[in-house]
Amino acid sequence: MEQALLLNASYEPLKVVDWQKAVTLWCQGKVEVISVSFKLPSVIRLLRFVKIKRRFDYVPFSRANIYARDNYTCQYCSESMPSGELTFDHVVPVAQGGRKDWENIVTCCISCNRKKGGRTPAEARMKLLRVPRRPDSAPAVRITIGLRNAPETWRDYLYWNLELDES
Ligand SMILES: [Zn+2]
């Protein structure tokens, strides 16, 4: 348990931070520690409310939402599969300046991901099923990512729409 769930002052989850960051925020007097595991902060809450910029149709950029946007379908071989067999692909590899955003990350099966390696689709001679875009509205799937694997101490707070950091 080396990560902590950061809550807004309203108890809405904002993101997951590593424990070093959690301790730093606490030392700076910015958060209170709500729960502790192995003597490390597990859930922390901002003391000052942070206003989240959220468009009406804002869709959090998260693993669950990328899979949902792509319908759990590999964007190269068109096979649909359970999330455990899927991964991300940076269409333009990060090493070549590819960004981590809706337009450059697609759902990809593990074997296509391996096949493509650190190349662009053109270099790898692989064709994208469709051009990735930011979704207009929230996918049908409500985000429950991490709920199953989340530590017990986080669960009370996870009913909010949780946006996960990609790490
Ligand atoms: Zn594939």
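Name every residue in the stretch 111-136 that is over 14 Å from P93 (Cα atoms), more than 14 Å from the ligand (Cβ to nearest atom) and surrounded by 12 or more Cβ atoms within 10 Å (Cβ to Cβ), in order of residue number. Those that are over 14 Å from P93 (Cα atoms), more than 14 Å from the ligand (Cβ to nearest atom) and surrounded by 12 or more Cβ atoms within 10 Å (Cβ to Cβ): P132, R134, P135.
If I filter the stretch 88-100 down to residues being surrounded by 11 or more Cβ atoms within 10 Å (Cβ to Cβ) and of a type outside the set (A, V, I, L, M), which single residue comes out as farthest from N65 (Cα to Cα)?
Looking only at the stretch 88-100, we keep the residues that are surrounded by 11 or more Cβ atoms within 10 Å (Cβ to Cβ), and these are 88-94, 96, 98-100.
Narrowing the set further to residues that are of a type outside the set (A, V, I, L, M) leaves 88-90, 93, 96, 98-100.
Numbers: F88: 12, D89: 14, H90: 15, P93: 20, Q96: 25, G98: 19, R99: 17, K100: 14 Å.
Residue satisfying both the conditions and the ranking: Q96.
If you scan the stretch 49-76, which residues turn out to be exposed (fewer than 14 other Cβ atoms within 10 Å of the Cβ) and either hydrophobic (A, V, I, L, M, F, W, C) or at pLDDT 85 or above (or both)? If the condition is that a residue be exposed (fewer than 14 other Cβ atoms within 10 Å of the Cβ) and either hydrophobic (A, V, I, L, M, F, W, C) or at pLDDT 85 or above (or both), then F49, V50, I52, F56, N71 are the ones that fit. When restricted to residues that are within 21 Å of F61 (Cβ to Cβ) and either among the charged types (D, E, K, R) or touching a residue at least 40 places away in the same chain (Cβ under 8 Å) (or both), the stretch 89-115 contains 9. Against the conditions (1) within 11 Å of the ligand (Cβ to nearest atom); (2) of a type outside the set (A, V, I, L, M, F, W, C); (3) surrounded by 15 or more Cβ atoms within 10 Å (Cβ to Cβ), E85 satisfies every one except (3). What's the number of the condition A140 fails, among (1) modelled with pLDDT under 65; (2) within 15 Å of the ligand (Cβ to nearest atom); (3) not acidic (D, E)? Tallying (1) modelled with pLDDT under 65; (2) within 15 Å of the ligand (Cβ to nearest atom); (3) not acidic (D, E), A140 fails exactly one: (2). Condition test on S80, is it more than 28 Å from V17 (Cα to Cα) and in contact with a Phe, Trp or Tyr (Cβ under 7 Å, 6 or more places away or on another chain)? So S80 passes the test.
The values are calculated or read from the model by the stated rules, or taken from the named source; none is laboratory data. All figures in this text were calculated on a predicted structure; none of them were measured in a lab. Heads up, the Cβs are rebuilt from the backbone with ideal geometry, glycines too, and the neighbour counts pull from every protein chain shown.
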